[in-house]
1. Could you order ARG110, ARG58, ARG32 so the one with the most accessible surface comes first? Probe is 1.4 Å.
2. Quick check: convex hull over the Cα atoms of the range 1-154, volume per residue in Å³, rounded to an integer?
3. Rounded to whole Å and sorted largest first, what semi-axes of the equivalent ellipsoid does the C-alpha gyration tensor of the range 34-89 yield via the square root of 5 times each eigenvalue?
4. What do you get for trypsin sites (Lys or Arg not before Pro) in the range 118-176 restricted to DSSP loop and a cutoff of at most 11 other Cβ within 10 Å of the site's Cβ?
5. Given the protein chains as shown and a 1.4 Å probe, how many square angstrom of THR279 are accessible, to the nearest 10?
6. Find how much the distance from GLU400 to VAL68 grows on full extension, using 0.36 nm per residue of separation minus their present alpha carbon separation; answer in nm with one decimal.
7. In nm, to one decimal, how far is the VAL98 label point from the TYR392 one, both placed 7 Å along Cα→Cβ?
8. Over all alpha-carbon pairs in the range 311-442, figure out the percentage whose distance exceeds 21 Å.
Amino acid sequence: MESAEKEEISVEDEAVDKSIFKDCSKIAFYRRQKQLLSKKSTYQALLDSVTIGKDSARFQIINEPAKVPLLAEVCGIEGNIFRLKINEEIPLKPRYEVPDVLTSKLTTVRLTSCPGDTGSLVLASGKGDLKCHIMANPFKVDLVSEEEVVMSINSLGQLYFEQLQIPPKQRTTKKNEEDASTDTTQENQEELGLWEEKFENFVDVKVNGPASIGLDFSLHGFEHLYGIPQHAESHQLKNTSDGDAYRLYNLDVYGYKIHDKMGIYGSVPYLLAHKLGRTLGIFWLNASETLVEIKTEPAVKYTLTQMGPVAAKQKVGSRTDVHWMSESGIIDVFLLTGPTPSDVFKQYSYLTGTQAMPPLFSLGYHQCRWNYEDEQDVKAVDAGFDEHNIPYDVMWLDIEHTEGKRYFTWDKKRFPNPKRMQDLLRSKKRKLVVISDPHIKIDPNYSVYAKAKEQGFFVRNHEGGDFEGVCWPGIY
């Protein structure tokens, strides 16, 4: 008799339950941008407000329905880099700007104004082979290299900027009452997540109300895009028209799916576009949750176009549109103009720095598993390496060494004498390192570093050097 057929086992059986994570439809700022952008309200640049200084050119942008001006700033940066910043001109309070990613004060290149068409401003950088063409109405920016438009900004009219608001309960003046009367209904506020966003049992209170931003970039002649890690997807970024956007949001996802755009361990808002003879980069400097939509229009050899009474054939080049949307902050984007891949990498490293030299011990064998139960377990594993004459340099502990999953603490029952445990490994020229997951929040009611010192931790500094009992927050 034939044995019963064995049940097939698939890696999908171990895959994460995606229902416990948000997809785009459950992200409030994404829904708001999609709903309001469909109304096609346009921004225009007020070119009579332009001022050109030593480091940048500034001008106002206004959205006709809102009548609240934004301040745009364009900078030329050494090494063929342009920077575009858009912020509220007079915010209720300072909006968050990422303080510690750029390596140092950047060397700017003075921009010069060149003759252009009526209703436009042309800014040239350096020798003049790179130019920004700024169109007033509707607001649009073309990046031109050697007379070729390689990138357009806001050509699809997807500039989106939610200004900070006074909470409804605090609107006491007549003007604020009038503002409140124009707000959406309570039901719509909840649906759009204006002041509070719910997901399953979690409630995220928006103290400053809606504050999301968005902007589109059209890459002319480009079909191949890469970057914006970390996703378990193909190396080349895919068209998102028929599904979710790429999500940049750090998550500790056990058993994550492959060929999926959900965010996992890390997020780097850096995108590369490549074609024969040209490479470009976009560095979107924003630390909040970000979604990136990609739509590629492949080249069409010929298409019919009506020119007067005669139908003519016209060649249509490829184009890829990239739409960035972030939950908060300001628009702060660096355009890396290449032209070669090597040039783009140099431009990016000029902004953020190069890879630090690793400490020598990190190059050895590291022993880690999830999880070591207690001090005796650590001692037994360490002794096993000695017994079998296997060299190793570092022993890693996971989250369960802590008290209530609070970092810089020890579980006093399982690890009653962590100093003795560290001394044991140190005597053999080995180190003990603890893991800090990116998704765990440290209790704000105690001083992180005071607690670390009290518990015998030594926290690594950016300059490296010898250290032990290390905690690396945010690195898994």
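The values are calculated or read from the model by the stated rules, or taken from the named source; none is laboratory data. Because the structure is a prediction, the values reported are computed rather than measured. Quick reminder, even Gly has a Cβ in these numbers, built from the backbone with ideal geometry, and neighbours come from all protein chains shown. With ligands, DNA and RNA removed, areas are computed over all heavy atoms of the protein, side chains included. Shrake-Rupley method; radii C 1.70, N 1.55, O 1.52, S 1.80 Å.
1. Working: ARG110 130, ARG58 100, ARG32 10 Å².
Ranked from most to least accessible, the order is ARG110, ARG58, ARG32.
2. Numbers: hull volume 39.3 nm³, N = 154.
Considering the Cα atoms of the range 1-154, their hull volume per residue is 255 Å³.
3. Details: eigenvalues 127, 41, 12 Å².
They are 25, 14, 8 Å, listed largest first.
4. Working: sites: LYS127, LYS131, LYS140, LYS169, ARG171, LYS174, LYS175; in loops: LYS127, ARG171.
Passing both the DSSP loop test and the Cβ count: LYS127.
5. Approximately 10 Å² for this residue.
6. Values: separation 332, 0.36 × 332 = 119.52 nm, distance 5.07 nm.
Gain on stretching GLU400 to VAL68: 114.4 nm.
7. Simple spin-label model gives 3.5 nm for this pair.
8. Values: 5492 of 8646 pairs.
Above the 21 Å cut-off, the range 311-442 has 64 percent of its Cα pairs.
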